[in-house]
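The values are calculated or read from the model by the stated rules, or taken from the named source; none is laboratory data. Since the structure is predicted, the reported quantities are computational estimates derived from the model, not experimental observations. Just so you know, the surface numbers come from the protein's heavy atoms only, side chains and all, with ligands and any DNA or RNA stripped out. Shrake-Rupley method; radii C 1.70, N 1.55, O 1.52, S 1.80 Å.
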Amino acid sequence: MIQHTQVAMITGAASGIGKAVAEKLAGQGYILHLLDLNATALAQLEAELATQSKVKIYVGDVSDATFVADVVAQIGSSGQGLDCAFNNAGMTSPAASIDELELDVWQQVLDVNLNSIFYCLKYQIQLMKQQGRGGSIVNTSSMLGLIATAHRAAYVATKHAVTGLTKAAALDGAEYNIRVNSIHPGYIETPLIAHLDRQALAAKHPIQRLGSSEEVANLVYFLLSKEASFVTGSQYVIDGGYSIQ
Ligand SMILES: NC(=O)c1ccc[n+]([C@@H]2O[C@H](COP(=O)([O-])OP(=O)(O)OC[C@H]3O[C@@H](n4cnc5c(N)ncnc54)[C@H](O)[C@@H]3O)[C@@H](O)[C@H]2O)c1
């Protein structure tokens, strides 16, 4: 059977883990639809990848359902459809004990880390069902979507919710051969954790270092590919052993 070129949508593509996944998939010839808030960094990535792959960028906020719906509609009418999605954009929550966590911060973290993933899943699965050729979706949770840490209630709650949302979506997609899995990174060397004490964090991982975005990209690439054709609703921990202690 002749396979068509794979088409992928990636959110939070301009930096860190999302960027590494975009680079990995571009190297494998995927057609890419890349979303991010950061217009400058996204345009730079588009220029970097243009020699290897067909890339389209969309600047906007994935916690805005209208933006996500519009991007997926554009992908649907592009003629090539959608095979894979990496729903990855997210933010940290500022350190605060739960009794001191501000209501507007709580709401913002919910919107960016959780509601955005629901919007992506809703419209991606709609399109994949219409196409009738299956699909594979990976959502970025965190090891903090399986265990907790102090003073990060909004982050921990949203990442646990992504774990559950992924399982629910996997069941809804299964009969259409749409697979949905979540990844659960430990601390990964990206701008997201630039404000933290990285040496102290490294020591908490049994492997004694932080992970790299490229290591996470290798896992995401596997889950998106046909090599993972019997994997759905699963939680893939990639944390150098942090969460087994
Ligand atoms: N770095 C880590 O240690 C770590 C660990 C576990 C999980 N994660 C998760 O990995 C994901 C990616 O994080 P990263 O470390 O690559 O961070 P990063 O800051 O390097 O990249 C995140 C990207 O998402 C974009 N973004 C943020 N909010 C957005 C929005 N509302 N709409 C569109 N784009 C938005 C940012 O502009 C940025 O380009 C996040 O969901 C994060 O929670 C990261």
**Q.** Accessible heavy-atom area order of Leu196, Leu171, highest first, probe of 1.4 Å
**A.** Leu171, Leu196
(Q) Could you tell me the center-to-center distance, by alpha carbons, between the stretch 1-72 and the stretch 167-245 in angstrom? (A) 19
Q) Once phi is turned into θ = phi - 60°, what whole-Hz ³J(HN,Hα) does the Karplus curve with 6.51, -1.76 and 1.60 give for every residue of the stretch 31-46, x standing for Gly and Pro? A) 7, 10, 10, 10, 10, 6, 6, 8, 5, 5, 5, 5, 5, 4, 5, 4
**Q.** Per-selection metrics, the chain (Cα): Rg and Dmax in Å
**A.** 17.2, 58
Q | Estimated [θ] at 222 nm from DSSP helical runs (n ≥ 4, -39500 (n - 2.57)) normalised by residues in the chain, nearest 500 | A | -12500 deg cm²/dmol
Q.
Leaving out ligands and nucleic acids, and using a 1.4 Å probe, what accessible area per residue does the chain come to in Å²?
A. 46
Q | Amide H partners (placed H, <5 Å) of Val55, local residues excluded | A | Leu32
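Anything over 21 Å Cα to Cα? Flag those among Lys24/Lys167; Lys54/Lys159; Lys122/Lys167; Lys19/Lys129; Lys19/Lys122, in the order listed. Walk me through the numbers on the way to the answer.
Values: Lys24/Lys167 26 Å; Lys54/Lys159 32 Å; Lys122/Lys167 14 Å; Lys19/Lys129 27 Å; Lys19/Lys122 23 Å.
As for pairs spanning more than 21 Å Cα to Cα, those are Lys24/Lys167; Lys54/Lys159; Lys19/Lys129; Lys19/Lys122.
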**Q.** Accessible-area composition of the stretch 175-235, carbon plus sulfur, in percent [1.4 Å probe]
**A.** 53
**Q.** With Cα atoms, 0 to 90° folded angle of helix 153-174 axis to the chain main axis
**A.** 30
Q) Considering only protein heavy atoms, what is the solvent-accessible area of Asp172 at a probe of 1.4 Å, reported in Å² to the nearest 10? A) 110
Q) What list of ³J(HN,Hα) values in whole Hz, one per residue of the stretch 137-147 in order, does the Karplus curve 6.51 cos²θ - 1.76 cosθ + 1.60 (θ = phi - 60°) give from phi, with Gly and Pro shown as x? A) 10, 10, 9, 8, 9, 5, 4, 7, x, 10, 10
